[in-house]
1. Using a ≥ b ≥ c from the Cα gyration tensor of region 1-140 (square roots of the eigenvalues), is it rounded, prolate or oblate, where a/c under 1.5 gives rounded and otherwise the larger of a/b and b/c decides, a/b for prolate?
2. With point charges of +1 on the Cβ of Lys and Arg and -1 on the Cβ of Asp and Glu, referenced to the Cα centre of region 1-74, which listed residue (Leu41, Asn60, Gln4) lies farthest in the positive direction of the dipole?
3. Among Tyr119, Leu187, Gly246, whose Cα projects farthest towards the positive end of the dipole of region 108-263, with charges put on the beta-carbon of Lys, Arg (+1) and Asp, Glu (-1)?
4. Identify all lysines with a Cα-Cα distance to Lys339 below 16 Å; exclude those on the same chain that are fewer than 8 residues away in sequence.
5. Once the whole set of protein chains is in place, how much accessible area is left on Arg79, using a 1.4 Å probe, in Å² to the nearest 10?
6. With a ≥ b ≥ c taken as the square roots of the eigenvalues of the C-alpha gyration tensor of region 140-187, please select rounded if a/c is under 1.5 and otherwise prolate if a/b is larger than b/c or oblate if it is not?
7. Explain nothing, just the number: dipole magnitude of region 30-118 about its Cα centre with +1 on each Lys and Arg Cβ and -1 on each Asp and Glu Cβ, in debye rounded to the nearest 20.
8. Excluding Leu249 itself, what net charge comes from residues whose Cβ is under 13 Å from its Cβ, given Lys and Arg +1 and Asp and Glu -1?
Amino acid sequence: MENQILERAITALTAEVPLQVAIRDREVAIGRYRADALIELGDDAVPYAVEIKPRAAQANLGALVEQLRLIQDHYGVDRGMLVTDYVNPNLAARLKQLELQFIDAAGNAYINAPGNFIYVRGNKLLQEFTAKETNRAFEPTGLKVVYAFLKNPELVNRPYRHIAEITGVANGTIGWVMNGLKEAGYLRDLGRDKGKRLVNLEGLFRRWVDAYPLKLQKKLNLGTWTAGNPVWWVDVVIEEFGAVWGGELAADKLTHYIQPKDVTVYLPKERLNEFVNGARLRRTGKDQRTEEGVVRIFDMFWTPDNQWTETTDPILTYADLTSTGDPRNLETAKLVYEKYIDRHLREATPGGG
C-alpha cells in the first residue's frame, strides 16, 4: 500500500507541475533509523527523506514533524517529506505553516526547495485506497502493552500472565499483541529455547507516539480543571497520590528548559477527587482558551511496577509534547528524546545500534 501511495503521489505531482522526480531507494535502514524512501526532486536532484503515511489527516502531526526531522538528520539530507493519500485544504495550510513539505495522490503538494516552490491544494482524490487491515497491537488496549515493551523490551520473554498483570490487560490480549508486532516486523522469534526479541525499536517507538494521543489518550481523559495559583503544583507531592506529571511540567522537570503553561497529570482514577480537592482545582468553563493554568488529568494506564521514575516518564512526556504541535513543545520534546529516550532505545537494541 505504501509503495502504491508513493508512486501515485509522484505521478500526480508530475502531472500537476513539470518537475523531475526520482526514487533513489526504498525502505532504507541504517541502525535504528529508517526512512520509507529516499527521493530526489528537480534538475539539481535535491534529496528528501520520505515518510509515507496513509490517512495523514488522522496522524499526530507533531510526532510526524519530529520523525521527519530525525530521519533527514540521520541520512544527511536537507529535507523530510510527507507522502500520503490525501491532504485536504485545511490540513495543507497547517502543514505549510509547520514547514512540513508533502505530496499526495491527488496532486496536492507543498515543496520549498532551491529553484522549486510548489504549493497546490484543493485537488480531490478521485479513487480511495483500500484500507489496511487493523493491527490490534496499535489499537487502544494493544498500545498499553506496547508501552510496557518500550520501557522494558525484555518483557516480551516473560509469561503472558505476568505481562498481563504488569500492563493491566486481559491474558488473551497479549497473544494478539504479539502476533500484531510480528506482522508489523517489530518482534522476531529467535527459535527454540532462544526466546523473542523486539527489533526496530526506534520505529516501534515512533509508531506508538503517533497512535497514542489519537487512540488511547482520549479514552483516558478524566477531565480538565484550572487553579487560581499558576504554580499550584509547586507544593504538590505527586507521589502521595500515586500519580506522575506529564506534558509541559514533566518536560520542565526533565530538561529545565521550558516554562510550563499547562499541566498534565496521570493518576489512578479512583484517587481523582482526592487529588482535585487536595490541589484545590476547579472545573474549567466551556471555552478553555480563556482559562489560565489548565490542568488536564488522565487515568493512569500502567502499574507502578512498570513506571520509569517516581514523578515523570520521558516516553509519555515526549508523546504529550509532540501531540500539541506547538513549536516550543516540539523543541523541548527533542531535548527529552536526546537526553533520555535515545540512549534507552540504543541500550535496548542488540549491538547498541
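1. Rounded is the answer for region 1-140, as its axis ratio a/c remains below 1.5.
2. Projecting each Cα onto the dipole axis, the largest value belongs to Asn60.
3. The listed residue farthest towards the positive side: Leu187.
4. Lys151, Lys253
5. 40
6. Cα axes put region 140-187 in the rounded bin.
7. Rounded to the nearest 20 debye, it is 360 debye.
8. Local charge sum for Leu249: -2.
The values are calculated or read from the model by the stated rules, or taken from the named source; none is laboratory data. On a predicted model such as this, the values are computed, not experimentally measured, just so you know. Cβ sites come from the backbone with ideal geometry, for glycine too, and all protein chains shown count toward neighbours. We work out accessible area using only protein heavy atoms, side chains counted, and drop any ligands, DNA or RNA first. Shrake-Rupley method; radii C 1.70, N 1.55, O 1.52, S 1.80 Å.
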